[in-house]
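**Student:** Pasting a structure below so you can have a look.
The values are calculated or read from the model by the stated rules, or taken from the named source; none is laboratory data. On a predicted model such as this, the values are computed, not experimentally measured, just so you know. Note that we place each Cβ from the backbone using ideal geometry, even for glycine, and neighbour counts take in every protein chain shown.
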């Protein structure tokens, strides 16, 4: 638990290149838009871990987008239904559904398909706005975050010292 918190704080203060922060937020946005209990979400999370993006900002993005996701579902469900029910694509959907492992991606879920489409379409604007946010974060808030009472208290915690001496 403590190592996770320590790594989270470290991630908010190191590897804060604007492109890494923006990439993490944008990929987290896409993951936050889709249901999580399928192979598609797991593959996107593996991609998140494999890329050089800021993981704590990505997880914050996943968390906050997942909170407002019911609002996006009002758009993603009909969009996914429309795409999955295009008559000219029926044979394509059937063919890939019959491939090994592909059914576990849950692509035939209208919310997942619509969420992926929305995420792909909005990825660039989210990335660009997140990059602007990252520049402001690095200039104004990074040092304030490091100097905050909560971070200082966490760093001075006897419990934290004890945990790392015992492990």
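**Student:** Does residue 156 meet the test of being exposed (fewer than 15 other Cβ atoms within 10 Å of the Cβ), modelled with pLDDT of 75 or more and over 26 Å from the mean Cα position of the chain (by Cα)?
**Tutor:** Here the answer is no, as residue 156 does not meet what is asked.
**Student:** Only one of these is assigned to a helix (DSSP H, G or I), out of contact with any strand residue (DSSP E or B) (no Cβ under 8 Å at 6 or more places or on another chain) and within 16 Å of residue 130 (Cβ to Cβ): 21, 45. Name it.
**Tutor:** 21
**Student:** Among 53, 111, 83, 65, which is the only one that is in a loop (DSSP other than H, G, I, E, B), surrounded by 11 or more Cβ atoms within 10 Å (Cβ to Cβ) and in contact (Cβ under 8 Å) with a residue 12 or more places away in the chain?
**Tutor:** Unique residue meeting the criteria: 53.
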